[in-house]
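What follows is one structure encoded as structure tokens, with my remarks underneath.
The values are calculated or read from the model by the stated rules, or taken from the named source; none is laboratory data. As the structure is a computational prediction, the values presented were derived from the model and not from experiment. So basically every Cβ, Gly included, is an ideal-geometry build from the backbone, and we count neighbours across all protein chains shown.
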């Protein structure tokens, strides 16, 4: 596969929307280490693929980083405890997306590492690159799987599957996604500013594993500080840094690949089909940590932000801490808080309960205030605004109509399964029609009703 | 879709200080949780009314109280009809979305200054009743309601809306003393100069006389993206190419492509009538096809039929084709069609 020149990058993609960025709530808040809560709940299924089964017994003592659950399936990733402590009896928790999962609670031991020690262990210190070229690719993949690394951008797809070399589909480029296009969220931005080194080194290790010759870090233009920080590390290591247009959903991998590399991922396909592996910046840092320090993925940065939270913050939290712990660490909700969202306001899930554990894919908690209910729906006047913004060039109003009337042939004629549910259509609809919501449920129903 | 849930209680083993003296009222709903409120259906209708202001101003300057009369009759009849039909259908009246007022005003601006009151009133009632309510109300109609109403009135009262109805020298208004530019051309081959067509100094339906006013209002609509620019662009391009190519070959003598562009209701229709979102295609490609079809049909009716002007029929014919255009212009998703399961 030929490698296009750098200047061929269009740096944007057609259509999309420009919601208010709202990064100011937390973008200048240095990442703060959340003290280990008395109890963490480690979900056994927090990734795409097969769930894990617990490999620890109740009352067993575990050290920080010990494996807690594992699976033999190819598409799965083990889970580890972020704290030293005592295992409790397995129970069930509900994740923000509504999925009920088995969780292993671990009661934290009284002595936990200091915040400084934890930060240094995860992101500080030296990140040597000299050994990378001599590394065995399959050893890297093995280490990444053992560390339980999954995509931290949202989909939580096991990273080792993406990095494993496939002779039929060679990879030429590792694309590190630092777009963070969802309004409000600043976790990736802060990580790029405060820990650019492990991100870049992790990307180089990923390139070694996948056999890619080129590493590109893509960041939206509205993060100049992050761009500068990454550049200061990347330039001397042969890693390219691209500033992309600030536009939602730039962070969707189809859009990032298009904007950064000018390549179009086929519908129903993967970046792999165009010779690319896309990894999130936090994932890249986790790869460096796993390979160079043998540390599993046990902590992540989460933005707790928005007008409805007392003190917006970026927190480095143990995976398994409760949403309630994070909200409490940020001073709790303001009285005018109206909606609490796991993830960003475009694709995130609103929370009815804060008794959900943080998972590897948790990027933020956004608390909106004031009027948050959608205005009442009015008839579609076929203005076509949804068509004008759909990043995938679909006709959302027709898809929503087909979904509403369960007209599956029509839904298929209009390519319903190509929809990635970014929500641009519902965001702009002048008639406040819940377009993406209808399409989302329509896809699920269609799958149930149309026999394969 | 929005259900209400109070803030969840804290408690259990991870009890924290999330509970506050005054608990916030939280809502739960599927995302996206934010919306672009800058454009609503109501705002779109207000945009159209705003964009029609230059046309209304020219109409009043030219036709004085007769223009005001047409506007008042047709607009109020449309709004009253909207209320009545909504009640008859047992639906909440949707007066405040402004769509009925837009239909009434568009209809009024397409009438001659001296049309009798009942032509505008009946036109407006048919526009709302047959043109819209019968199809299921806002967003459901196949044909542009204002044009449905006008077609009905034109057939019901041919003398009141025909070519001769425009001329009425006894009223003492300059504009009413001569035939409309298109009738003058069709009947006697007289060519009106372009400048009066641009400024709005000729006879015609009260809103159509000034090309400049239509362009000003139309550009505002396109800039607001309330109207899709592809439709006027396609129709203007089609008209200019279809009239310009023969002109290049034969040379221009008298009636030029610019005349075709500025005379009659062509621009008014291209910017304000053909762009009705409900009755035009959804996709950019479809809008181009629609605009080009409108431009060519107007020209064909002007040249080949007994009517001097063809905007109304061109819009109605293109409206009928919209479902077919929509079907033929389903866009290919980025990345190609969904692969069929193996």
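Every residue, every condition in (1) under 15 Å from the mean Cα position of the chain (by Cα); (2) surrounded by fewer than 24 Cβ atoms within 10 Å (Cβ to Cβ); (3) within 14 Å of chain B (Cβ to nearest Cβ); (4) part of a loop (DSSP other than H, G, I, E, B), yes or no:
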| position | (1), (2), (3), (4) |
| --- | --- |
| A:256 | yes, no, yes, no |
| A:267 | no, yes, yes, yes |
| A:288 | no, no, no, no |
| A:292 | no, yes, no, no |
| A:324 | no, no, yes, no |
Which one of B:175, B:184, B:113 is buried (at least 19 other Cβ atoms within 10 Å of the Cβ) and not in a helix (DSSP H, G or I)? B:113
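Filter region B:288-315 down to the residues that are more than 19 Å from residue B:228 (Cβ to Cβ) and under 18 Å from the mean Cα position of the chain (by Cα) and list them by number. Reasoning before the result, please.
Kept after step one, since they are more than 19 Å from residue B:228 (Cβ to Cβ), are these residues of region B:288-315: B:299-310, B:312-313.
Those that are more than 19 Å from residue B:228 (Cβ to Cβ) and under 18 Å from the mean Cα position of the chain (by Cα): B:309, B:310, B:312, B:313.
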Checking the structure you have, find out if any residue of region A:432-451 is in a helix (DSSP H, G or I), facing chain B (nearest Cβ under 8 Å), in contact (Cβ under 8 Å) with a residue 60 or more places away in the chain and in contact with a helix residue (DSSP H, G or I) (Cβ under 8 Å, 6 or more places away or on another chain). no
Enumeration of residues in region A:263-278 that are closer than 27 Å to residue A:146 by Cβ and in contact with a helix residue (DSSP H, G or I) (Cβ under 6 Å, 6 or more places away or on another chain): A:271, A:276, A:277, A:278
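Matching residues to (1) at pLDDT 95 or above; (2) not in a loop (DSSP other than H, G, I, E, B):
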site	(1), (2)
B:271	yes, yes
B:290	yes, yes
B:295	yes, yes
B:303	no, yes
B:308	no, no
What is the residue count in region A:364-384 for residues that are under 16 Å from residue A:423 (Cβ atoms), buried (at least 24 other Cβ atoms within 10 Å of the Cβ) and facing chain B (nearest Cβ under 7 Å)? 1
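From the list B:59, B:67, B:77, B:86, pick out the single residue that is more than 30 Å from residue A:98 (Cα to Cα), at pLDDT 95 or above and more than 12 Å from chain A (Cβ to nearest Cβ). Break it down stepwise before answering.
Details: B:59 fails: at pLDDT 95 or above; B:67 fails: at pLDDT 95 or above; B:86 fails: at pLDDT 95 or above.
Every option except B:77 fails the conditions.
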Number of the condition not met by residue A:411 [criteria: (1) assigned to a loop (DSSP other than H, G, I, E, B); (2) more than 28 Å from the chain's Cα centre (by Cα); (3) crowded, with 24+ Cβ neighbours inside 10 Å; (4) more than 7 Å from chain B (Cβ to nearest Cβ)]: (1)
Would you mention how many residues in region B:89-101 are within 11 Å of chain A (Cβ to nearest Cβ) and modelled with pLDDT of 90 or more? 1
Checking residue A:422 against (1) touching a helix residue (DSSP H, G or I) at 6+ places or on another chain (Cβ under 7 Å); (2) in contact (Cβ under 8 Å) with a residue 24 or more places away in the chain; (3) within 20 Å of residue A:14 (Cβ to Cβ), which test does it fail? (1)
Please work out which residue is farthest from the chain's Cα centre (by Cα), limiting yourself to region B:324-342 and to residues that are at pLDDT 90 or above and within 11 Å of chain A (Cβ to nearest Cβ). B:334
Boolean, residue A:399 is in a loop (DSSP other than H, G, I, E, B) and either out of contact with any strand residue (DSSP E or B) (no Cβ under 7 Å at 6 or more places or on another chain) or surrounded by fewer than 17 Cβ atoms within 10 Å (Cβ to Cβ) (or both): no
A careful count of residues in region B:1-42 that are in a helix (DSSP H, G or I), within 7 Å of another protein chain (Cβ to nearest Cβ) and modelled with pLDDT of 85 or more gives 1
Condition first: in contact with a helix residue (DSSP H, G or I) (Cβ under 6 Å, 6 or more places away or on another chain) and within 11 Å of another protein chain (Cβ to nearest Cβ). Can you find one or more residues in region B:305-323 that meet it? no
Select from region A:326-358 the residues that are surrounded by 24 or more Cβ atoms within 10 Å (Cβ to Cβ), more than 26 Å from residue A:105 (Cβ to Cβ) and at the interface with chain B (Cβ under 7 Å from one of its Cβ atoms) and list them in ascending order. A:337, A:339, A:345, A:346
Looking at this structure, is residue A:224 surrounded by fewer than 24 Cβ atoms within 10 Å (Cβ to Cβ), in contact with a strand residue (DSSP E or B) (Cβ under 9 Å, 6 or more places away or on another chain), within 14 Å of chain B (Cβ to nearest Cβ) and farther than 23 Å from residue A:418 by Cβ? no
Between a residue in region A:197-222 that is at positive phi and any residue that is surrounded by 24 or more Cβ atoms within 10 Å (Cβ to Cβ) and assigned to a helix (DSSP H, G or I), which pairs come within a Cβ distance under 7 Å, given they are 6 or more apart or on different chains? none
